[in-house]
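Below: one structure, written as structure tokens.
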Amino acid sequence: MQRVYFDHNATTPLRPEARAAMAEAMDVVGNPSSVHAEGRAAKMLVERARVQVADLVGCLPAQVIFTSSATEAAALAVAQKERHGGVFLALPTEHDCLAVWTERRLDAFVGRDGRISPDGAESFVDRVTALAGSEWRSDRGDVALIAISGANSETGVMAGVVGNNHVNASRAGTVPFAVVCDITQMAGKVALDLSRERPAYMILSAHKLGGPKGIGAFINLTPEDPLPILRGGGQEQNRRSGTENTIGIAGFGAAAAAAAQDVASGRWEEVAELRNILENALEADERKTIFVGKGVDRLPNTSCIIAEGWKGETQVMQMDLSGFAISAGSACSSGKVKASTVLQAMGYSPAEAGSAVRVSLGLDTKRDDVLRFADAWRAKREKHAQRAG
């Protein structure tokens, strides 16, 4: 049986460019903190990768801080709340690496289509601004730090890069809150533009764009160095201590450079066409099928499918036996399968949320792959309906 991998939002296959860069880095013996020639050679690999990641994101190389993962980058971002009033807030649709820290969930701001407000991010910012004088501030009256994902990993619904730029213009320089924007799913799939919106911080991970697992980045777009959470040797210019993962960083940089080229050449637009072909094929089934977020901006590769009455975990197992790897939500929950809290926060019932799967395509996906998946999925659904009878 020829297997097809449709779980790219969980992790992507390692790009050949990343593999080659990592193999090269394995032969560099020096510690990047050492001043001798071997150390300088390792340091050069790290700094080259820093430039490559910065080019992908659209920031300065000095604003890139390498971490062990996006999860560590999220923890570093949350630690900066003391500079923004000491209050951290998050949407209920945020990834667990950010949602776990929240002191107050912003439930009222998420609609059934997954957007953070009926009119998009700008309306959200205006609404939060209007409330900034009360519950959004800390006891000492300062502003809050708020997490807003650029794109949701489960549904693919995009808010884009959300920041404070237009608030500066409309509020005469008064910024009511600071934003940490999770761009983990956007980076390497869509073009990032920081010219209009500029958050305080961004986080991302290498293995979501064809790099190795175990390496991420924290992007600091503020004029101040972040307060570190790991102290010791003072690596990363005293912003994140610990010997740099030179091999992982080299792979991250090479993957970022290759991903940027793919975005610029329009390769993900071709993937979006395949995603639409898949959804059209599944929609032809007589039974009701919900495609979450269809009709709003989504990641080009992501389809969140609800087939009520057919448990998501059952779908995952049956499609796995048929040769297709899909998921029932985020892959960062230690193998747990449960009704999506993201979908429930969007207004879907527990039964609907428990009947959802995520199909996330990759650059290597072929038209035949999605059509074969559609045939297999419809056949399994028909069998399930007959048994449920």
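Here is how the numbers come out for the structure above:
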read-out: Whichever residue in segment 230-241 is crowded, with 16+ Cβ neighbours inside 10 Å and not charged (D, E, K, R) and, among such residues, is farthest from Met26 (Cα to Cα); value: Leu230
read-out: Residues of segment 234-257 classified as among the β-branched types (Val, Ile, Thr) and at pLDDT below 85, total; value: 0
read-out: Failed item, numbered, when Arg137 is tested on (1) in contact with a strand residue (DSSP E or B) (Cβ under 8 Å, 6 or more places away or on another chain); (2) modelled with pLDDT of 60 or more; value: (2)
read-out: From Glu197, Glu244, residue being crowded, with 20+ Cβ neighbours inside 10 Å and within 22 Å of the chain's Cα centre (by Cα); value: Glu197
read-out: Residues (out of contact with any Leu (no Cβ under 7 Å at 6 or more places or on another chain) and modelled with pLDDT of 50 or more) located in segment 161-174; value: Val162, Gly163, Asn164, Asn165
read-out: Residue ID - farthest from the chain's Cα centre (by Cα), chosen from residues in segment 46-69 that are closer than 19 Å to Glu224 by Cα and assigned to a loop (DSSP other than H, G, I, E, B); value: Leu60
read-out: So Glu72, is it within 14 Å of Glu244 (Cβ to Cβ) and in a helix (DSSP H, G or I); value: yes
read-out: Test: residue in segment 331-347 that is open to solvent by 10 Å² or more (accessible area, probe 1.4 Å), at pLDDT below 90, in contact with an Asp or Glu (Cβ under 8 Å, 6 or more places away or on another chain) and on the phi > 0 side of the Ramachandran plot; value: no
read-out: Test for Arg275: is it buried (at least 17 other Cβ atoms within 10 Å of the Cβ) and more than 29 Å from Ala20 (Cβ to Cβ); value: yes
read-out: Residue count for segment 1-45, restricted to those that are touching a residue at least 24 places away in the same chain (Cβ under 8 Å), farther than 22 Å from His207 by Cα and of a type in the set (D, E, K, R); value: 0
read-out: Subset of segment 283-310 [in contact with a His (Cβ under 9 Å, 6 or more places away or on another chain) and open to solvent by 30 Å² or more (accessible area, probe 1.4 Å)]; value: Gly309
read-out: In segment 1-45, the residues that are of a type outside the set (Asp, Glu), part of a helix (DSSP H, G or I) and more than 27 Å from Ser241 (Cβ to Cβ); value: Pro16, Arg19, Ala20, Ala23
read-out: Close pairs (6 angstrom Cβ cut-off, 6 or more residues apart or separate chains): closer than 18 Å to Ala49 by Cα in segment 258-279, in a helix (DSSP H, G or I) anywhere; value: Ala258/Glu17; Ala260/Leu56
read-out: Verdict on Lys213 being modelled with pLDDT of 95 or more, surrounded by fewer than 22 Cβ atoms within 10 Å (Cβ to Cβ), part of a loop (DSSP other than H, G, I, E, B) and of a type outside the set (S, T, N, Q); value: yes
read-out: Within segment 5-20, tally of residues that are more than 23 Å from Thr71 (Cβ to Cβ), open to solvent by less than 10 Å² (accessible area, probe 1.4 Å) and of a type in the set (A, V, I, L, M); value: 0
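The values are calculated or read from the model by the stated rules, or taken from the named source; none is laboratory data. These figures come from a predicted structure and were not determined experimentally. Glycine also receives a Cβ, built like all others from the backbone with ideal geometry; neighbour counts cover every protein chain displayed. What goes into the accessible areas is simple: the full protein's heavy atoms, side chains included, and nothing from ligands, DNA or RNA. Shrake-Rupley method; radii C 1.70, N 1.55, O 1.52, S 1.80 Å.
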